[in-house]
Amino acid sequence: MNKYIFVSGGVCSSLGKGVAASSLGALLEGRGLNVRMVKCDPYINVDAGTMSPYQHGEVYVTDDGAETDLDLGNYARFTRGVLSRANSITTGQVYDAVIRKEREGRYLGRTVQVIPHITDEIKSRIAAVAKEDPDTDVVIVEIGGTVGDIESIPFLEAARQMIHESGRSNAISVHLTLIPEVAGGELKTKPTQHSVKAMQEMGIQPDILVCRAPTMLDESNRRKIALFCNVENDAVFTSYNIDTTIYEIPLVFFKQKLDQVVLKKMGVESRHANLGAWYSMMDKFKTQKGSVRIGIVGKYMELHDAYKSVYEALFHAGLECGVKVELVKIDSTPLEEGDAAAVNALLGSPDSGVDGILVPGGFGQRGINGMVKAASWARTNKVPYFGICLGMQIMVIEWARNVLGWEDADSTEFNQDTRHPVVSLMEEQENVVNYGATMRLGRSESAAEEGSLVAAAYGEKHIFERHRHRYEFSNVYRKEMLETGLRLSAFTPDGVLVESVEWPDHPWAVGVQFHPEFKSKPTLAHPLFREFIAAARDKKGAQM
Ligand code: GLN
């Protein structure tokens, strides 16, 4: 029988609940357990696909094409378990399913209510994740929001019932709180006590507390928290501020024996911990020499979470290539308008410009010409360039405008009336009217051309990556593009859709229609990001 760990948060949001849950997952995997991660999101959107990146950060796409919360990206980076549509549960999905069943008459005339119908639906969705893989040992369920929020009550009630029904050794509660520091440097435990009280009011006694604090809590504070929060003395842990990387957090918890206490509470015999991959990742971090400056040219620059997986993948590649990656975030809208500061960030003085340019995914017309400008600069100055999804389409538009000389070349997403629609709507998208979950989504195969940069990076012809787009390279212009030297380096296996393009006579420039950032891990950088950073490093090295 599998076990459940419910991870909740209190005091305030943004304490790093996702990273804490993922780090615990990594530790339990290190102990040889088969771990699955689930996120419960209290919002009413059915999925994150229709939310603005400003509201909610990036949309993380799974192999089976679910558009999910960005916390699933954390799970993917820290743990190995398969993530699919089932691993992301939202209030919207739950109500949608219950209302549909009600309309089908499946509640046999009963009054349909939050308890038990909504909570039962939540419970059965959590249990379904465990059932998907009969070898699952532990399901870690992260409950979004903060205890005390109205929205998360049904999820906490479902957790309470599952703890009650499974028995205490089969389901435990891990609660994350904040220990603030007040003037004079004193750490305050009262908000934690209140947060645990709020959990107790929901009928859940946390088994383990993870306290977010500026520094490691001392023994006396830990004992005080244990006493007033009714947890055992060895069950209070500190997630203190670190100045290295979030990927050290599994080791921070390991040193405090979090995994041992969790295993003991769940009655699982302790096995040897194998965290070799995490230690060697930290060794790489500590031995990085020098840095490269990578300009990210996109339109959601103010919010780090909007391109979260891209930034993380760049960091992973830096570990692999032995250099630190300095992110230079360049907003494409002011760049488009010729704003001096934005242009300067990109070009700098001759020796302070960026060593590589990455144009990430995106939607809508704003800032597009700034991206084209950045691509043109990268192409003509032979600066390594990596285009992801929209970033590949930008490469194609730039080529058409500046090499083929079609000034009005564009994607029909941005200009319906262009005489040269070099990027256009995929056929299957033409009659789509609903915006939710209707793009080309999820994992599919691409075939890389022999001798291409893409094939060299993967070391293989068959590549499997995830998509999230409506527009594509327009095959009408394939001939002209090829004749002028643009390289088409990967296709769908039937040869119909262009999946990647490369610039000729250039050190390294690859645009891919898919999203490689979703598959990069700190312990194993994605090959395309690795090659991009290696090219930026080599360019910088050649200049010195
Ligand atoms: N807006 C583009 C499209 O829909 C690119 C999408 C993306 O970058 N994810 O095709």
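The values are calculated or read from the model by the stated rules, or taken from the named source; none is laboratory data. Worth saying up front: this structure is predicted, and the values here are computed from it rather than measured. With ideal geometry, Cβ positions are generated from the backbone for all residues, glycine too; neighbour counts draw on all protein chains shown. Areas reflect the complete protein model, heavy atoms only, side chains present, ligands, DNA and RNA absent. Shrake-Rupley method; radii C 1.70, N 1.55, O 1.52, S 1.80 Å.
Protein heavy-atom accessible surface, 1.4 Å probe, per residue over the chain: 41 Å². Compared with the alpha-carbon gap, the fully stretched path from K188 to E302 is longer by 37.9 nm at 0.36 nm per residue. Taking loop as defined by DSSP and a crowding limit of 15 other beta carbons within 10 Å, which GluC sites (Glu not before Pro) in region 441-528 fit? Answer by residue number: E450, E460.
For every other residue with a beta carbon closer than 11 angstrom to the beta carbon of R401, add +1 if it is Lys or Arg and -1 if Asp or Glu, then tell me the sum. Numbers along the way, then the final one.
Details: positive: K373; negative: E398, E407, D408, D410.
So the environment of R401 carries a net charge of -3.
Summarised as an ellipsoid, region 218-305 has semi-axes of 34, 19, 13 Å, derived from the eigenvalues of the Cα gyration tensor scaled by 5 and square-rooted, with the largest first.
Straight Cα distances below 24 angstrom link K190 to the lysines K17, K224, with same-chain residues fewer than 8 positions distant left out. Counting only lysines at least 8 places from K382 when in the same chain, those with an alpha carbon closer than 17 Å to its own are K373, K539, K540. Among the protein heavy atoms, those of D417 account for about 130 Å² of accessible surface (1.4 Å probe, every chain in place).
Segment S280..A340, full-extension length gain: 17.4 nm, with 0.36 nm per residue of separation and the alpha-carbon distance subtracted. Against the chain, whose longest principal axis comes from its Cα atoms, helix 527-543 is set at around 60 degrees. Of K284/K521; K3/K131; K329/K519; K39/K123; K308/K521, which pairs sit farther than 18 Å apart, going by alpha carbon to alpha carbon? Violating the 18 Å limit, Cα to Cα: K329/K519. For D410, the residues whose modelled amide H falls within less than 5 Å of its own, excluding neighbours fewer than 5 places apart on the same chain, are H420, V422, V423. The trypsin sites (Lys or Arg not before Pro) found in region 119-189 that occupy coil by DSSP, while having at most 15 further C-beta atoms within 10 Å, are R168, K188.
Computed from the C-beta positions of F464 and S291, the FRET efficiency with R₀ = 22 Å rounds to 0.10. Helix 17-30 and the longest principal axis of the C-alpha atoms of the chain enclose an angle of approximately 80°.
The charge dipole of region 393-520, taken about the Cα centre with unit charges on the Cβ atoms of Lys, Arg (+1) and Asp, Glu (-1), comes to about 320 debye, rounded to the nearest 20. Multiplying each eigenvalue of the alpha-carbon gyration tensor of region 35-183 by 5 and taking the square root yields semi-axes of 24, 20, 18 Å, largest first, rounded to whole angstroms.
Estimated purely from DSSP H runs of n ≥ 4, each contributing -39500 (n - 2.57), the mean residue ellipticity at 222 nm for the chain is -11000 deg cm²/dmol once divided by its residues. Computed in the context of the full set of protein chains, the accessible area of the chain at 1.4 Å probe radius has 51% of its extent on carbon or sulfur.
Shape call for region 456-499 from the C-alpha gyration tensor, a ≥ b ≥ c root eigenvalues: rounded (a/c under 1.5), prolate (a/b greater than b/c) or oblate? Kindly include the intermediate steps, with their values, before the conclusion.
On the way: a/c = 2.25, a/b = 1.31, b/c = 1.72.
Because a/c hits 1.5 or more and a/b fails to exceed b/c, region 456-499 counts as oblate.
With a Förster radius of 51 Å applied to the beta-carbon distance between N381 and R168, the computed FRET efficiency rounds to 0.20. From the Cα gyration tensor of region 130-229, with a ≥ b ≥ c the square roots of its eigenvalues, which class applies: rounded if a/c is under 1.5, or else prolate if a/b is larger than b/c, or else oblate? Prolate, since a/c reaches 1.5 and a/b exceeds b/c. I'd like the orientation of helix 368-380 relative to the chain: the angle between its Cα long axis and the longest Cα principal axis, in ° from 0 to 90, rounded to 10. Taking the Cα atoms of the chain, the angle to 368-380 is about 60 degrees. When only Cα pairs below 8 angstrom with a gap of at least 6 residues are kept, the chain shows a relative contact order of 15 percent. Longest exposed-loop-site-free stretch of the chain, with chymotrypsin sites (Phe, Trp or Tyr not before Pro), DSSP loop and at most 14 other Cβ within 10 Å? Longest run free of exposed loop sites: 108-434.
Subtracting the Cα-Cα distance of N233 and E102 from their residue separation scaled by 0.36 nm leaves 42.4 nm. For the pair D505 and E269, label points projected 7 Å from Cα toward Cβ lie 6.8 nm apart. Karplus-derived 3J(HN,Hα) values for region 59-76, using 6.51 cos²θ - 1.76 cosθ + 1.60 with θ = phi - 60°, are 9, 8, 9, 8, 3, 7, x, 7, 9, 10, 5, 5, 4, 5, x, 4, 4, 5 Hz; glycine and proline are entered as x. Once backbone amide H atoms are built at 1.01 Å from N, C12 has L178 as its partners under 5 Å, excluding neighbours fewer than 5 places away on the same chain.
The simple spin-label model puts a point 7 Å past each Cα toward its Cβ; for D135 and S13 those points are separated by 3.7 nm.
Can you give the charge dipole size of the chain about its Cα centre, rounded to the nearest 20 debye, using +1 on the beta carbon of Lys and Arg and -1 on the beta carbon of Asp and Glu?
Numbers: 59 positive and 71 negative charges, 330 e Å.
Roughly 1580 debye, rounded to the nearest 20.
Annotation: amide H-H contacts under 5 Å for S169 (H modelled 1.01 Å from N, sequence separation of 5 or more, or interchain): none.
The label point for A542 and the one for E326, both projected 7 Å from the Cα toward the Cβ, are 2.1 nm apart.
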